[in-house]
Protein chains: 2
Amino acid sequence: MEELPGSLGTSASFSLRLGQTIFASASLLIMSLGINFYSYTSFCYLVTIMGLVIPWSFTLALVDGYSVIAGCPLHRAGILLVIAAGDWVLSILSLAAACSAASVVEILSQLGEPFCPSKECNRFQLSVAMTFLSWFLTTASFLFNLWRLPSL
Amino acid sequence: MEELPGSLGTSASFSLRLGQTIFASASLLIMSLGINFYSYTSFCYLVTIMGLVIPWSFTLALVDGYSVIAGCPLHRAGILLVIAAGDWVLSILSLAAACSAASVVEILSQLGEPFCPSKECNRFQLSVAMTFLSWFLTTASFLFNLWRLPSL
């Protein structure tokens, strides 16, 4: 059976998973460097979701890495379905987190200095950008796995 | 060929499209009843996206209605692909609009009276709830059409 690049067990999928883990970790770290994020629901939500994305993507990166090195890709439709469903749910949650945090940053920077010192605002913006990148890669993984599903 | 309920040209799809049009129109109307929404980027974005969802869903409701009454469903993979892609893009944009508007409403209601009078805040919340419902139905349409795509 031909392998679709990007679907479970390929080296492209390994790169995608690694990218998700890195961006999600960066987003989580940058956001939680200051304790200030705790006052805003959206930022807490973003941190929670990134905390879910990191173990999920890291585990699947390990699975992909093993599968590439050992040369034995998984060909079970059930497992692929569960992974595609997980990716879908996480991509929806990541998008929701990124959008809500982005609009809160926008409002805070409009309100100005007392609510959001310039240095802190830049940090929040960077964290949101990382979340968007993580969402993009998660959606790519979801689409590749979904596309391969009917052929199993 | 068997018809999947909810995919293009069925009465379930007609109901979904009608629901999307009604919820998106309600969201747009409730949000733009006062002129105040104009000061916030997220609310302007929500109004723009709902302005895209309404003609898209209404047109497809007409197509579904015609197809049900005339009894001649469309069986072209190309058309279904374009519709599924459109649904996907609109569902992502609707979710982004709903989440960003929801977090802005949350922040405004935290800031209290001068930023968001209680009556206005309730109106914004209702509009956001309608957007979430419209997103939910758009995603359902997308999934049904996507599921039917490989069988064409």
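Observations, loosely collected:
- Within region A:59-76, the set of residues being surrounded by 14 or more Cβ atoms within 10 Å (Cβ to Cβ) and of a type in the set (S, T, N, Q) comprises just one member, A:S67.
- Any hit, region A:93-100, residues being within 15 Å of A:L133 (Cα to Cα), under 23 Å from the mean Cα position of the chain (by Cα) and surrounded by fewer than 21 Cβ atoms within 10 Å (Cβ to Cβ): yes
- Condition broken by B:L133, with the remaining ones in (1) at pLDDT below 95; (2) more than 11 Å from every other protein chain (Cβ to nearest Cβ) satisfied: (1)
- Among residues of region B:60-95, those that are among the hydrophobic types (A, V, I, L, M, F, W, C), in contact (Cβ under 8 Å) with a residue 40 or more places away in the chain and assigned to a helix (DSSP H, G or I), counted: 14
- Matching entry among A:F43, A:F14, A:F37 (being under 24 Å from A:P117 (Cα atoms), aromatic (F, W, Y) and under 16 Å from the mean Cα position of the chain (by Cα)): A:F43
- Scanning region A:24-53 for residues that are more than 22 Å from B:C99 (Cβ to Cβ) and either among the basic types (K, R) or not in a helix (DSSP H, G or I) (or both) yields A:L33, A:G34.
- Some residue of region B:31-50 being touching a Lys or Arg at 6+ places or on another chain (Cβ under 6 Å) and either surrounded by fewer than 16 Cβ atoms within 10 Å (Cβ to Cβ) or more than 14 Å from chain A (Cβ to nearest Cβ) (or both): no
- So A:C99, is it outside any helix (DSSP H, G or I) and either within 12 Å of another protein chain (Cβ to nearest Cβ) or among the small types (G, A, S) (or both): no
- The lone criterion from (1) crowded, with 21+ Cβ neighbours inside 10 Å; (2) assigned to a helix (DSSP H, G or I); (3) away from every other protein chain (no Cβ under 14 Å) left unmet by A:W56 is number (1).
- Condition broken by A:Q110, with the remaining ones in (1) surrounded by 16 or more Cβ atoms within 10 Å (Cβ to Cβ); (2) in a helix (DSSP H, G or I) satisfied: (1)
- Lone unmet requirement of (1) out of contact with any Phe, Trp or Tyr (no Cβ under 9 Å at 6 or more places or on another chain); (2) farther than 30 Å from B:S151 by Cβ; (3) buried (at least 18 other Cβ atoms within 10 Å of the Cβ); (4) away from chain A (no Cβ under 13 Å) for B:K119: (3)
The values are calculated or read from the model by the stated rules, or taken from the named source; none is laboratory data. Quick caveat: nothing in here was measured; it's all calculated off a predicted structure. Every residue, glycine as well, gets a Cβ built from its backbone with ideal geometry; the counts of neighbours run over all protein chains shown.
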